Each structure stands twice: as C-alpha cells, then as structure tokens.
Amino acid sequence: MTERQYAAAGVNLAGADEAKERIGRYVAATRTELSVGAVGAFGGMVRVPAGMRKPVLVMSTDGVGTKVLVARQAGRYDTVGEDLVNHSVNDILVHAARPIAFMDYIAGSGLGVREIAGIVEGIARGCTSHAMALAGGETAQMPGLYQPGHYDLAGTIIGIVEEDEALHGDRILPGDVLLAYASTGLHTNGYTLARRIVFEQLGLQVGDRLGETGQSVADALLAVHRSYFRAVMPVISQLHGLAHITGGGIGGNLVRILPEQCLAVVDTTSWTLPPLFQLLQQAGQVSTAEMREVFNLGVGLIAVLPAEQVAAAQTAAALEKIPTWVLGEVRRGVREVRFSP
C-alpha cells in the first residue's frame, strides 16, 4: 500500500510527521536531570534519583474517560492532557510517591496536527509543573476502530518513594480525622452521566450558561483536574493515609485505604454541594446514593491524619489556594464508609 493509498484509507503520514516534530519540542521541554537517552527513541529512560536508601517505584495507568467527548465538542484539546497528568500524579501521591516520568497514549481517527499537538501540549504542561519528564508515548491513527475525529487518551506514570515512607493506609487509627481537599469540579469521572444530563436532558450546548455555576457548559465540564501534590507533600510524613476521590466516589475510594476494624464516618453537613453537582442531581433526578457513587461531590482528595496535625495540613493547602475542611473521623467498627446523618 503506497502512502497515497494509506491516506485514502484514513492515515495521513505527512500530518503525522508534522505532529511528531511539534510533539518532540514539547517532550524536550520536560526533560529533567533524571532524563537519559534521546527524544524520539523507542523507549523512554529516567535515572533513579541519587541518595535514596531503599527506593520503590510506584506506577499507575489511567485515562480521562468520556471527558474527551466534551473536549472534542468544545474544540479544546490541551486541558484533557493536563487532566491526565494531574489525575495520575494524585494516584501515586496517595502512596507518598514523587513523580519522575510519564508516558502517554493517544489513539483515534482523523486527528489533525492541531488536535494531537494540543493534547500533548497539555500533557507536557502538566509534566513541567511537577518537574517530571515526559519520557515518551505513542500516537496511533486507527480509522475503522474510531470514528473520524474521535480519540481516547491514556497515560502511565512512574513515581518513587522510600519503601519505609510509603503510605498504604495501615497507619490509620480510630480517632484520626478525615480532611477534605476541594475538587475543581467533576475532575475525570462521572462524565457519561453528566453528559447525558447536560446535553440530552437539558439540551444545552457547550457555549450555553450552566445554571448557577456562573460558567459556560464547556468551562464547567472541562475544569482541569486539580493536582494536590504541592499542597500535600510538605506534610506527607504527618499523614496516616490518602484517598484520591475518583470513580466510585468518596465511599468507594476511602474504603480502599481503611484497615480492618476502622470505620470512616463522613459528616454530610460539613460542606455544601457545589452548584454543578446540585444542578446534575436536580436536573437528572439522581438519587443521593447514586450521586455518592458516581461523583466526587466537590471532594477531590481525603487525608487521614491525627487531630493535632490538621492545622499544619490546612496551612500547607491554603498556601496553594486549595480549600480544605474537616470531613469526619475514623472510629472503631466494621471496615466501611458511613455517611452521617
């Protein structure tokens, strides 16, 4: 099959080469002192930081779900790239790991240079803000598998932590406090339901105002997934556990770090649902139980820590302009998350 036939089949090699050139510039800008090898090599390489006693690699792979469909409707491509990085950073942060490298995977059909470069620009921005190398990635044009203009986005992060400093949740004790860190919106989960409510049931377009949020649909739904790295790392040694609130909500994620015989009680009166979540619940007639299972409800991260360390944690978060509040407590009981009242 000649290049011309390949293009007729849906793969533009010339456009791919131009995208690679722009991507190369973004990747090069993220290189750190740990970076090894050449940009564009078959594999990405990073050194293990010097001076560590017993380093452990912490790895995670994830995506941003159907948020990419909202980005496509709005014609914005960079924000979901940054979402992907921040989500991944938070996933390894809960183990007290520092990110050192990231790799992305973009698969789609009919994506132009602007779209591909925009996604990678956002990924590179997220990497740079965490002093993390974008060590490599893959862009695959797959017509026939994806509809023209559609794509999926995923990434793998590598972090590092001293083995005896890693958080697993086993330090959590009855009497510990649950400290909530505010989300910036939906973050990267619940979009299948949110899109159905906003676009199908309410019949809104991306440029329309979204109820009492004070934002357009695009701005509200594409708010970048917040990174909690800078807010948490200064006090990481004082924490007993961290839970990143993603798919499964508060209950489904907080329970993952609870030891046996530890019951987490969430005080539902400790915060007011942000307008976006109120709108989704009311317009979609979604039960409170389902809201708790699907959405983060304004809580992006929960730290579990001794009461005497709460003030220091809140001060560190305030320096990063991230609102926090006491969400509840850990009690002795059956290992579960309970909402009260």
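The values are calculated or read from the model by the stated rules, or taken from the named source; none is laboratory data. No experiment lies behind these values; they were computed from the predicted model shown. Every residue, glycine among them, receives a Cβ derived from its backbone with ideal geometry; neighbour counts consider all protein chains shown.
The table below lists the values:
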item	result
When residues of region 276-285 are limited to those that are in contact (Cβ under 8 Å) with a residue 24 or more places away in the chain and crowded, with 18+ Cβ neighbours inside 10 Å, the one farthest from residue 186 (Cα to Cα)	284
Within region 248-272, considering residues that are in contact with a Phe, Trp or Tyr (Cβ under 9 Å, 6 or more places away or on another chain) and within 19 Å of residue 186 (Cα to Cα), the one surrounded by the fewest Cβ atoms within 10 Å (Cβ to Cβ)	268
Tabulated pairs, region 211-224, first under 17 Å from residue 67 (Cα atoms), second among the polar types (S, T, N, Q) and in a helix (DSSP H, G or I), C-beta under 6 angstrom, 6+ apart or interchain	220/213; 222/79; 224/79
Residue match in region 98-113 (condition: hydrophobic (A, V, I, L, M, F, W, C), under 24 Å from residue 169 (Cβ atoms), surrounded by 15 or more Cβ atoms within 10 Å (Cβ to Cβ) and outside the structural domain of residue 224 (by TED's automatic domain parsing))	yes
Counted residues, region 214-247 - those being surrounded by fewer than 17 Cβ atoms within 10 Å (Cβ to Cβ) and assigned to a loop (DSSP other than H, G, I, E, B)	2
Matching entry among 43, 51 (being free of Cβ contacts under 8 Å to residues at least 60 places away in the same chain, small (Gly, Ala, Ser) and in a loop (DSSP other than H, G, I, E, B))	51
Selected residue [buried (at least 19 other Cβ atoms within 10 Å of the Cβ), of a type in the set (Ser, Thr, Tyr) and under 25 Å from residue 108 (Cβ atoms)] from 146, 151	151
Residue count, region 307-338 (criterion: under 20 Å from residue 264 (Cβ atoms) and either of a type in the set (Ser, Thr, Tyr) or at pLDDT below 95 (or both))	1
Region 311-329, residues that are more than 23 Å from the chain's Cα centre (by Cα) and buried (at least 19 other Cβ atoms within 10 Å of the Cβ)	328
Residue in region 67-92 that is farthest from the chain's Cα centre (by Cα), counting only those that are surrounded by fewer than 19 Cβ atoms within 10 Å (Cβ to Cβ) and either in a loop (DSSP other than H, G, I, E, B) or assigned by TED's automatic domain parsing to the domain that holds residue 199 (or both)	75
In region 139-156, the residues that are without any contact (Cβ under 8 Å) to a residue 60 or more places away in the chain and either in a loop (DSSP other than H, G, I, E, B) or among the hydroxyl-bearing types (Ser, Thr, Tyr) (or both)	142, 145, 146, 147
Selection count, region 33-91, where residues are aromatic (Phe, Trp, Tyr) and within 11 Å of residue 222 (Cα to Cα)	1
Wholly within region 251-341, helices (runs of 4 or more DSSP H) carrying at least 1 residues that are acidic (Asp, Glu)	288-294
Boolean, residue 123 is crowded, with 24+ Cβ neighbours inside 10 Å, aliphatic (A, V, I, L, M) and not assigned by TED's automatic domain parsing to the domain that holds residue 232	yes
Conditions (1) among the polar types (S, T, N, Q); (2) more than 28 Å from the chain's Cα centre (by Cα); (3) modelled with pLDDT of 90 or more: number failed by residue 5	(3)
